[in-house]
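Accompanying notes for the structure given below.
The values are calculated or read from the model by the stated rules, or taken from the named source; none is laboratory data. All values derive from a computational prediction rather than experimental measurement. Every residue, glycine as well, gets a Cβ built from its backbone with ideal geometry; the counts of neighbours run over all protein chains shown.
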Amino acid sequence: MSCDTVPVLPLPALHASHSGSWLRPAKGDTRGISKGEAAMAAADTPHLILNAPLVATRLGYPDLSGLDLLELFAFIHPAKFCVPTPKGLAHAVGLPEPADGAEVPELLQRAAGVLLATCESAEWEAREGAWSILQSLARSRWQWAQIVAPHVAKPDRAEKWLFSRLPEWEEAPERAQPGQVLIGEEAIHGQLERLVGEGSERRQGQRDYARDVGSIFAPRERHGRPHVLLAQAGTGIGKTLGYLAPASLWAERSGGTVWVSTYTKNLQRQLRGESRRAWPERRADGSRPVVVRKGRENYLCLLNLEDALQGGFGGRSAILAQLVARWAGYSQDGDMIGGDLPGWLGTLFRGRAIRSLTDQRGECVYAGCPHYRKCFIERAARASAQADLVIANHALVMVNAARGRDHAQRPTRILFDEGHHVFDAADSTFAAALTGQEAVELRRWIVGPERGTKGRRRGLAARLADVASYDDAGGEAIEAAREAADALPGDGWLQRLNENAPSGPLEHLLAAVRALTYARDESGALDAGYGIETEAAGLEGDFIESAQAAAQALAAIRQPLIKLGIRLEAMLEDAPDWLDAQGRARIDGARFSLSWRIDTLAAWEALLVRLGGPADPEFVDWLAVDRNDAREFDVGLHRRFLDPMKPFSRVVLEGAHGVMLTSATLCDRGEEGPDWGDAVQRSGTAHIAVQPRLADAASPFDYAANAQVLIVTDVRKGDLAALAGAYARIIEACGGGVLGLFTAIRRMRAVHGRIADRLARGGLPLYAQHVDPIDTGTLVDIFRDDPLSSLLGTDALRDGVDVPGDSLRCVVMEQVPWPKPSILHRARRAAAGGSVYDDRIIRMRLAQAFGRLIRRQGDRGHFVVLSPAFPSRLLTAFPAGVPVTRLTLDEALQRIATGVSWPVGAAAKEDEHQ
């Protein structure tokens, strides 16, 4: 689009970055200004800005407000993403990129003009509902409302707005169990060639991988003994299409459902796109053959949204609710966390209210909801029952598998991508945590909200009032549970603990946990502001008595809940005349919620009853006080399986027919190649006497020619100034494109604070997790979009981040990623070989981090570790042949800046040991 023909919105515009601040009046030229002058100007008159929270951070003016172009974009283009940077906005509206910060204010004026002109265009795809929402936004005093109003024409007839616009889901019969079919190697390779595309280069590694995956779809030979494949697939193999080929072929021939499970939302999005090669967007009957499933807390709750729109939210949060309503009318699936709701929308409102619009634990009223037939969650659940492919996450797969063998959506053919995370996912899924926050949540679910508390959350009696009035035994069980729940902590419990005034048996126990944890702490975490913990061992008599009293109180809650579950089941079997289909669905949902909480209570009781007795070798128990920046937010007792793959094998593997765990870093690599011992141990197959099939598909990338590991030996550990200086010089030498990985948030923040302004003045933007008010997914999008930018982060960026090409040219680790010395880690370390166990963990983390560097053919880059004493035994974490060199920072900078060719082969190996 030519700038000469672009309409310009004649309003003042402001831009601020680490490199400076610029202001452009409504009419006139842009000029550079100081931070103080920029803050004063913004406070005096609303200016056009982009990403107000980020600009506020740059100016040090937290109360900054203005006419944010991202809010306007969200109104005009709901359910469409825009990278929230000047460059990203320019691309989204078809304008030239600004050359520097001084050109951004004019871009904002022109982009606003383009967006407003869109509202007058006959091609505006999102016109439906805009006028109605705009009236509500005007009543909420949205700053854009009066500017936008002249450009949005009032429709000739009433618009179909959100709740009337959303389609209703329909009931469908359960799918028949899948046919027992065999898919041969030739058929798999034929399907793979169709998915890859005619004329594409044939990759033997991908063909072998697809053949191996096909083995898990063979008919099962013995009950409780699934086919299991552990498949390591190096980057570049094309494993996604490699497993979709046999999966799609089996689903077509058998009429069954395949579940693909991931650990990160990024991979879920990628899978959704790749799956279109194998399945159409919709079948002839309009149903979707591919469905993405997530936990309930990811989806918009329409009843929560209705409450927010009818006065539940005020101020800026009310504006957010209206923009979310606008999005919901165009969303594909209502997924608010990682779906088509822009990740930056919530952060524009300082994170307010987004979570409260999702489905919170225990508050769903199922068929009692007026929007039940349009519910995004229910629609996704029903669609997945009819789908050929369900894309889910590890935790949801495990939860669905645990719901019983008769459950219609129990996964039986499962492909665990990012399989190296299955152990961690199982560790969390099968954990027990009796904490103050969890206990308060249970009390609210049973009793309802405390008096004076806002919200519509209702207790058991309110949700099942008709059951109580019809069935005396059910009503008595509900009342007994309500009375027993008074023993649970209520609002203000943490303050009462701080004042040494606990109320009830659970709060007395939590007070004892808190006191003992503080008394025993010698970790140094207390002074640093971090959480503290201690073993649940050597406990005195008073503590044991408190635990037993708490266990009895929990049992008194669990027993009436069990009785209520029995009464609900009886009511479904012998249903009264007034119980319609919606009522049955509501009661069935209540049964599921009951079973979940009954299991939770049983796990808590088991944890408490065992305190003071002999240690159970299957579990690790400890007490903890959770803190953030020296502020306590939770207290409790914790239990984890020493080997969480034991319950995983019972719940997931035994009921499955075919399971694959796959990853580029599934097993440890030794001098002689893959070491499968730990991978097999962490698959859970030993617990069901299954010998998994093993497959290793090496990456086709020439790492030795395109990557180099530089171990910098003269940046002293603990020297923060030297660490910051090293990061700044490396980023300058690279010209951006650096991913910096830290093991501690505090050090990352300190480094960012020391170098961000310096780099920005050189035209090298620096972003950081836990610093910039932007969600992690959007930070990665910004980093991917700008080759001059760099990004600092922690564990979340070490794995699952796909930034190919020139945007990521260097990965820097501030030190060796040692495991955190927690009580749980210590127990597992002792059971699994001591330092050998630690080394495996570190090598896996290094391999995952290195995997961010080379993502596509043609990628090149450096992997830098700032560690004077990097152990040589960890070097097998890197691909064979990659040159590893120990050198000073100046020498490393010279290699990075000049791009000299590095040694390969034997010479490199000699270098690494010097």
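Residues in segment 612-626 that are in contact (Cβ under 8 Å) with a residue 40 or more places away in the chain and over 17 Å from A831 (Cβ atoms): G612, L623, A624, V625, D626.
When restricted to residues that are modelled with pLDDT under 95 and of a type in the set (F, W, Y), segment 507-545 contains 2.
For the condition of a type in the set (G, A, S), crowded, with 16+ Cβ neighbours inside 10 Å and in the same structural domain as D574 (by TED's automatic domain parsing), what is the one hit in S649, S593? Even if it seems obvious, please write down each step before you answer.
On the way: S649 fails: in the same structural domain as D574 (by TED's automatic domain parsing).
The match here is S593.
Summed over segment 852-875, the residues that are assigned to a loop (DSSP other than H, G, I, E, B) and surrounded by fewer than 23 Cβ atoms within 10 Å (Cβ to Cβ) give a count of 12. Here segment 144-158 is the region considered, the condition is being in contact (Cβ under 8 Å) with a residue 24 or more places away in the chain and buried (at least 16 other Cβ atoms within 10 Å of the Cβ), and the residue that is farthest from P96 (Cα to Cα) is V152.
Applying the condition of being charged (D, E, K, R) and part of a helix (DSSP H, G or I) to segment 220-268 and asking which residue is nearest to D335 (Cα to Cα) yields K265.
Scanning segment 89-117 for residues that are closer than 26 Å to A321 by Cα and either at pLDDT below 95 or among the aliphatic types (A, V, I, L, M) (or both) gives L89, A92, V93, L108, A111, A112, V114, L115, L116, A117.
For segment 15-61, the tally of residues that are small (G, A, S) and either in the same structural domain as P765 (by TED's automatic domain parsing) or farther than 19 Å from R761 by Cα (or both) stands at 7.
I'd like the residue in segment 564-586 that is surrounded by fewer than 19 Cβ atoms within 10 Å (Cβ to Cβ) and of a type in the set (D, E, K, R) and, out of all such residues, is farthest from the chain's Cα centre (by Cα). Residue satisfying both the conditions and the ranking: D577.
Could you tell me whether A210 is assigned to a helix (DSSP H, G or I) and of a type in the set (G, A, S)? Answer is yes for this residue. Restricting the search to strands (runs of 3 or more DSSP E) fully inside segment 666-722 and requiring at least 1 residues that are out of contact with any helix residue (DSSP H, G or I) (no Cβ under 6 Å at 6 or more places or on another chain) and either of a type in the set (D, E, K, R) or within 30 Å of Q894 (Cα to Cα) (or both) gives 673-675, 693-697, 707-712. Give segment 361-376 a look and list any residue that's farther than 14 Å from E168 by Cβ and either within 23 Å of the chain's Cα centre (by Cα) or crowded, with 23+ Cβ neighbours inside 10 Å (or both), or say none. Of everything in segment 361-376, those that are farther than 14 Å from E168 by Cβ and either within 23 Å of the chain's Cα centre (by Cα) or crowded, with 23+ Cβ neighbours inside 10 Å (or both) turn out to be R361, G362, E363, C364.
Could you check segment 357-390 and list, in sequence order, the residues that are over 17 Å from K294 (Cα atoms), of a type outside the set (K, R) and part of a helix (DSSP H, G or I)? Across segment 357-390, the qualifying residues are Y366, A367, G368, Y372.
Inclusion of A707 among residues that are in contact with a Pro (Cβ under 6 Å, 6 or more places away or on another chain) and surrounded by 16 or more Cβ atoms within 10 Å (Cβ to Cβ) is not warranted.
From the residues in segment 474-516 that are in a loop (DSSP other than H, G, I, E, B) and within 32 Å of the chain's Cα centre (by Cα), which one is surrounded by the fewest Cβ atoms within 10 Å (Cβ to Cβ)? Across segment 474-516, the extreme among qualifying residues is G492.
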